[in-house]
Amino acid sequence: MKHGVVITGIGLASSLGEGIDTHADALAAMAAPVVDATSFAPYPVHPLKALELDRQIPKKSDQRQMEPWQRLGVYAAGLALDGAGLKDDAAAKAVLQVIVAAGGGERDHAVDSAILTGLRGANAPGAFLNERLMGDLRPTLFLAQLSNLLAGNIGIVHGITGASRTFMGEEQAGVDAVRTAYARIAAGQAEIMLVGGSYNAERQDMLLLFELGGYLRKGDFAPVFERQAAPGLITGSASAFLVLESAERAAARGATVLARLDAVVATRSKRQPGAVEAALRGLLADLGPIA
């Protein structure tokens, strides 16, 4: 038996601000994008609009121990819980499961710089690197574990005690996180899930990684389909979380249903005129008639 899946909460924060109304109004008004072309020149980015962190992360100690991408994700997760009316529902948060899509965490630039500088004059570079990595990196921030910290902080700050999973990767990790959450609820393996991710674009290490492949746009902002003269990616800071719930559970508690979710699909396309439209038509054909 396949259960209906609905969205009862949305948490969204980006360069435009926070909340679904803010983003809907900006899209309807075709508002100009928010761009910072100076802080990381020659690479423009879409910077995160300042958030009142105390609203979703009340303890300053919690805020201090998180990296920016974690604070952003915990904040957006709180917005989704608020929207679903679950922030103070201890019983619901005891069974709420969390799936987070995350990248590789954030680097300690001071440590990286010191290690790279020291390597130049080291007689035994390999031994020097191992020694510095073991001594300079905090044990709690071992690189292989960084991606898991967002889910842990969401649980700690918002009092969620259900199971959590982290999908590590880029865009496809986000798609698979939502697809897995949907499939578990549809199959009756879970009744309610919090799923999402966050990304901090204002990071020298990530800009470096993209630029090593020649992927970044240089100079001023231009819409995607107007970058032929200087093609490249402009990254942006953002976080989005959804509360997915079985239709039966949502109806039983009188929750406001924002949307019904019938499938989760993804594809790729080239950035050429007509390519995106063709890709979307292909996805719609694969989905078949929508009830």
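Taken together, the values in this text are just the output of simple stated rules run on the coordinates, not laboratory data. All values reported here derive from a predicted model rather than from experimental measurement. A quick note on method: Cβ atoms are made from the backbone with ideal geometry, for glycine too, and the neighbour counts reach across all protein chains shown.
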Original post:
What does the charge dipole of the range 168-291 about its Cα centre add up to, to the nearest 20 debye, if the Cβ of each Lys and Arg holds +1 and the Cβ of each Asp and Glu holds -1?
Top reply: 160 debye
Original post:
Could you give the nm distance between label points at residue 212 and residue 41, where each point is 7 Å from its Cα heading toward the beta carbon?
Top reply: 2.6 nm
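Where does each of 113, 246 land when they are ranked from fewest to most other beta-carbon atoms within 10 angstrom?
Ordered from fewest to most neighbouring Cβ atoms within 10 Å, 113, 246 come out as 113, 246.
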Original post:
Mind listing P(r) for the range 1-87? All alpha-carbon pairs, 5 Å bins, whole percents.
Top reply: 3, 12, 18, 18, 18, 15, 8, 4, 2, 1, 0
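Pulled fully out, how much extra length does the chain show between residue 90 and residue 281, if you take 0.36 nm times their separation in residues and subtract their Cα-Cα distance?
Extra length available between residue 90 and residue 281 comes to 64.5 nm.
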Original post:
Expressed in nm², what is the orientationally averaged projection area of the convex hull enclosing the Cα positions of the chain?
Top reply: 18.3 nm²
**OP:** In square nanometres and to one decimal, what's the mean projected area of the convex hull around the Cα atoms of the range 119-235?
**Re:** 12.1 nm²
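For the range 213-282, would you read off the P(r) tail past 17 Å as a percentage of all alpha carbon pairs?
Across the range 213-282, Cα pairs with separations above 17 Å total 67 percent.
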Original post:
Which whole-number value in Å³ per residue fits the convex hull of the alpha carbons of the range 43-129?
Top reply: 178 Å³
Original post:
In terms of modelled amide H atoms, which long-range or inter-chain residues lie less than 5 Å from the amide H of residue 17?
Top reply: 49
**OP:** Rounded to whole Hz and in sequence order, give me ³J(HN,Hα) for the range 160-173 from the Karplus expression 6.51 cos²θ - 1.76 cosθ + 1.60, θ = phi - 60°, writing x for Gly and Pro.
**Re:** 8, 10, x, 5, 9, 9, 10, 9, 9, x, 10, 4, 5, 4
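Mind ordering 276-289, 196-209, 253-266 by average Cβ neighbours within 10 Å, highest first?
196-209, 253-266, 276-289
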Subject >> Gain on full stretching of the segment that runs from residue 165 to residue 233 - 0.36 nm per residue minus C-alpha separation >> reply: 21.6 nm
Original post:
On full extension of the chain, what length is gained from residue 49 through residue 64, given 0.36 nm per residue of separation minus the C-alpha to C-alpha distance?
Top reply: 3.5 nm
